[in-house]
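For reference, the structure discussed in these notes is given below.
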Amino acid sequence: MISRNHFAELSRDWTRLGLEDPLWAVCVDPARRGGRWQLDDFLATGRAEITEVMLRLDQLGLCQSRMSALDFGCGVGRLTTALSVHFESVIGVDIAPSMIEHAQRLHSATGCAFKVNDRPDLSSFSDRSFDLVYSSLVLQHMPPALADSYIREFVRVVRPGGAIVLVVPETHRRTARGLVYAHVSRRLIRWIQVALFRYPAPMRMEAVPTSRIANVTGGGGAHIVASDPQLIPGCHWRMLRHYVGVTPLDRRSPGLAASPGVNSTELR
Ligand SMILES: C[S@@+](CC[C@H](N)C(=O)[O-])C[C@H]1O[C@@H](n2cnc3c(N)ncnc32)[C@H](O)[C@@H]1O
């Protein structure tokens, strides 16, 4: 179960980050704090990431139908708009209304749709709605139970034969800051981020181990096909990009043939 307070805190923190320094909050780089990301450079990082991902999907033989994609935790649409070059329709969802407002303003000419999803599930989407669910740098910012429940939802909303791509930290690196994240209480980290580092709001960080993703996806007819290391300069986490294939129905074992929908995560 997810605590209502934790969910509200997540929404409040990211709304504040989106209001005060949205591009930096999406791609944290100390040199770009305070509005110092150039928009063109920022969007170019998204195009480069998606070009690489599409090539890798082809190489792995995944997600051959390219009708629709969901960008979960889309922020200001850095990756949503890059995905729209490869898919007929793309929708970006985010918990923070401030991020969605920026995305709508920045990408009004692209045909992408952007929507606030302030729920612990994806109940506004029916089963098997997308060929791809993409989520980059999102699931680490929330309580693990909530991340797991979204991953179950990704499996539900992807069509058989489609794919889920997740960019997440496997574990902390042995840098000074990485060790702080690993050993200091979450409350103290929140305080350090705001009082010492002057973040506009705290940014929760949790590892998302591969074993957990494998457990969560396994029951729904999905499996991890590849996990590629991502080298992000100055990052205190060991990042992986996971390619999860959702098995076509004709290749599933009888027990998995009907992948049941999941229940919404309960808020308490
Ligand atoms: C580091 S940013 C990454 C944005 C985007 N994926 C990118 O890479 O350009 C993390 C994003 O996740 C969003 N987020 C955090 N928790 C979320 C949730 N429960 N549901 C949807 N979005 C969430 C935040 O509002 C923020 O926009």
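Bear in mind these aren't lab numbers, they're just calculated from the coordinates by the rules spelled out. A quick note: this is a predicted structure, and the numbers were derived from the prediction, not measured. Using ideal geometry, Cβ is built from the backbone for each residue, glycine included, and neighbour counts are taken over all protein chains shown.
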> With θ set to phi - 60° and the Karplus curve 6.51 cos²θ - 1.76 cosθ + 1.60, what are the ³J(HN,Hα) couplings of region 83-93 in order, to the nearest whole Hz, using x for Gly and Pro?
Replying inline: 5, 5, 6, 10, 10, 5, 9, 9, 10, x, 10
> Which whole-Hz ³J(HN,Hα) couplings does region 9-25 yield from phi under the Karplus relation 6.51 cos²θ - 1.76 cosθ + 1.60, θ = phi - 60°, glycine and proline marked x?
Replying inline: 5, 4, 5, 5, 4, 6, 5, 5, 4, x, 6, 8, 7, x, 5, 5, 5
>> Going by amide H atoms built from the backbone, whose H comes under 5 Å of the H on A226, apart from near neighbours?
In response: Y243
>> Using a Debye calculation, one point per C-alpha and no hydration shell, please list log10 I(q)/I(0) for region 4-249 at q = 0.10, 0.13, 0.17 Å⁻¹ in order.
In response: -0.44, -0.78, -1.42
>> What whole-number distance in Å separates the alpha-carbon centres of region 1-20 and region 115-180?
In response: 16 Å
>> Test of understanding: in a Gaussian network model of the chain with alpha carbons linked when under 10 Å, which of S65, S124, S227 would top the mean-square fluctuation ranking?
In response: S124
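So which GluC sites (Glu not before Pro) in region 83-172 pass both tests, a DSSP loop state and at most 14 other Cβ atoms within 10 Å of the Cβ? Provide the component values of the computation, followed by the final result.
Details: sites: E88, E101, E153, E170; in loops: E88.
Those that pass, being in a loop and sparsely packed, are E88.
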> For region 94-108, what does the Karplus curve 6.51 cos²θ - 1.76 cosθ + 1.60, with θ = phi - 60°, yield as ³J(HN,Hα) per residue in whole Hz, taken in order and with x for Gly and Pro?
Replying inline: 8, 6, 9, x, 5, 5, 5, 4, 4, 4, 5, 5, 6, 10, 4
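Filter the chymotrypsin sites (Phe, Trp or Tyr not before Pro) in region 188-239 down to the DSSP loop ones having no more than 16 other Cβ atoms within 10 Å, then list what survives.
F197
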> What residues qualify as long-range amide H neighbours of F114, i.e. H under 5 Å apart, gap of 5 or more or another chain, H built at 1.01 Å from N?
Replying inline: G92
> Between L179, L70, L43, which gets the highest mean-square fluctuation from a Gaussian network model of the chain, Cα cutoff 10 Å?
Replying inline: L179
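Work out the length of the dipole vector of the chain about its Cα centre, built from +1 on the beta-carbon of each Lys and Arg and -1 on the beta-carbon of each Asp and Glu, and round it to the nearest 20 debye. Working shown, then result.
Numbers: 31 positive and 25 negative charges, 148 e Å.
That gives the chain a dipole magnitude of about 720 debye.
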> In the Gaussian network model of the chain, springs joining C-alpha atoms below 10 Å, which of L57, L188, L83 carries the largest mean-square fluctuation?
Replying inline: L188
